[in-house]
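Working notes, structure below.
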Amino acid sequence: MEDRLLQQLKKGVLEMLVLEIICQKSTYGYELMAALKSRSAALFTLKEGTLYPILYRLEDEGLIVSAWSQGIGKAAPKKMYTATEAGHQERLRRYQVWKTFSGTVDRFFEEG
């Protein structure tokens, strides 16, 4: 069973990481799950039931947009996610919040 603290921490940063990846390049669900897994050394191994509500929430907030790609040859169309200008701005804002938060937590341990 996964550590409860680790679960809580992952839940808190997952939306920020999803937005970060989409801001780097347009992507689709499976590719996004693979990027999260590989870039985190499998710490962020997600199921569709975890990822898609995050994507819907980001889209509802106007931070990303989605559009179906044209399938080429036998490839099926994919729903591609792209960051909006508001998404790029929010990405930077969330990262600044994260840096402040993580720096504050670090100081507790460094000063202790």
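A compact globular protein would have a Cα radius of gyration near 2.2 N^0.38 Å; the ratio found for region 1-58 is 1.07. On full extension, the segment bounded by Lys47 and Glu110 gains 19.1 nm, given 0.36 nm per residue less the C-alpha separation. Relative contact order for the chain: what is it in percent, counting Cα pairs under 8 Å that are at least 6 residues apart? Worked out over the chain, it gives 26 percent. Evaluated at 37 °C with a viscosity of 0.692 mPa s, what Stokes-Einstein diffusion coefficient in µm²/s does region 4-109 have when Rh comes from the Kirkwood expression over alpha-carbon pairs? This corresponds to a translational diffusion coefficient of 221 µm²/s. Ignoring ligands, DNA and RNA, what percent of the accessible area of the chain is carbon or sulfur (1.4 Å)? About 58 percent, which is the carbon plus sulfur part of the accessible surface.
With charges set only on the Cβ (+1 for Lys and Arg, -1 for Asp and Glu), what does the dipole of region 1-96 come to about its Cα centre, in debye to the nearest 20? Don't skip to the answer; put the middle values down first.
Details: 14 positive and 11 negative charges, 53 e Å.
Result for region 1-96 is approximately 260 debye, rounded to the nearest 20.
Report, to the nearest 10°, how far helix 85-111 tilts away from the longest principal axis of the Cα atoms in the chain, using its own Cα long axis and a range of 0 to 90°. Value to nearest ten degrees: 20. For the chain, the mean residue ellipticity at 222 nm estimated from helices alone is -22000 deg cm²/dmol, where every DSSP H run of n ≥ 4 contributes -39500 (n - 2.57) and the total is divided by all residues, rounded to the nearest 500. With respect to the chain, whose longest principal axis is taken over its alpha-carbon atoms, helix 48-60 is tilted by about 90°.
Within the shell of other residues whose beta carbon sits under 13 angstrom from the beta carbon of Leu63, the net charge comes to -3, with Lys and Arg scored +1 and Asp and Glu -1. Phi-derived couplings, Karplus 6.51 cos²θ - 1.76 cosθ + 1.60 at θ = phi - 60°, listed residue by residue for region 10-18: 4, 4, x, 10, 4, 4, 5, 5, 4 Hz, with x used for Gly and Pro.
Which pairs in the list Lys25/Lys47; Lys11/Lys74; Lys78/Lys99 are over 31 Å apart, alpha-carbon to alpha-carbon? Could you put the intermediate results ahead of the total?
Working: Lys25/Lys47 21 Å; Lys11/Lys74 36 Å; Lys78/Lys99 34 Å.
Result: Lys11/Lys74; Lys78/Lys99 exceed 31 Å.
Amide H contacts of Ile64: Glu59, Thr84, each under 5 Å away and 5 or more positions distant or on a separate chain (H built 1.01 Å from N in the peptide plane; Pro and chain starts excluded).
Based on the mean of other beta carbon atoms within 10 Å per residue, what is the order of 14-24, 82-92, most packed first?
Values: 14-24: 18.7, 82-92: 15.5.
Highest to lowest by the protection proxy: 14-24, 82-92.
Between Ala34 and Gln70, the C-beta separation translates, for a Förster distance of 30 Å, into a calculated FRET efficiency of about 0.90.
The values are calculated or read from the model by the stated rules, or taken from the named source; none is laboratory data. Treat the numbers as computed from the prediction; the structure is a model and nothing was measured. Here the Cβ is made from the backbone with ideal geometry for all residues, glycine too, and neighbour counts use every protein chain on show. With ligands, DNA and RNA removed, areas are computed over all heavy atoms of the protein, side chains included. Shrake-Rupley method; radii C 1.70, N 1.55, O 1.52, S 1.80 Å.
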